[in-house]
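The values are calculated or read from the model by the stated rules, or taken from the named source; none is laboratory data. Not measured: the values here are computed from a predicted model. Reconstructed Cβ throughout: ideal geometry from the backbone, glycine too, with neighbour counts over all protein chains shown. Note: areas computed on protein heavy atoms with side chains; ligands, DNA, RNA excluded. Shrake-Rupley method; radii C 1.70, N 1.55, O 1.52, S 1.80 Å.
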Amino acid sequence: EPSRARRIVRRLAPVLLRGVVSVPGVSDVVSGFAIFRLIALRNAFRSGPTPLLATEGWAANAELYHRSVPHARRIETIAAIERRDLCQRPTRLSAWESALMLWQARGPLRRQPRTAYPADARAAREARSRAEVAPS
């Protein structure tokens, strides 16, 4: 990040979203670089009656990670370097506005139901499959 303020906001994002959004093993929950299995996204979209994302900006990235974790087989992170020197125009995001949006996103994210993490989801799937196989 070329801007010191944006670097600070990116590092403080987990603190701003503490208690609301947490993804085990992921330190940068606002990163825009992510790869998802289509089945995980499909299950995340189908998991509840409300829309998958209720926020915008960096908070939406964090929310997407948080909502798709229960449906993921595994979560891995790799180091990626953002090449700001290749950008053709300056960023439209303000560090202060991004921090404010992250802080304001806590309310809508708290109102949404909590979801289980992969170990819990895996146990639930196994219990369902045992129930389907069990003789009546």
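Please work out how much accessible surface LEU38 shows to a 1.4 Å probe, ignoring ligands, DNA and RNA, in Å² rounded to 10.
The value for LEU38 is about 140 Å².
Sorting TRP96, TRP58 by accessible area (1.4 Å probe), largest first, what list results?
TRP96, TRP58
Quick one: if the Förster radius is 41 Å, what FRET efficiency do ARG46 and LEU93 give, using the C-beta to C-beta distance and rounding to 0.05?
The value I calculate is 0.85.
Going by Cα centres, segment 19-36 and segment 78-94 are how many Å apart?
18 Å
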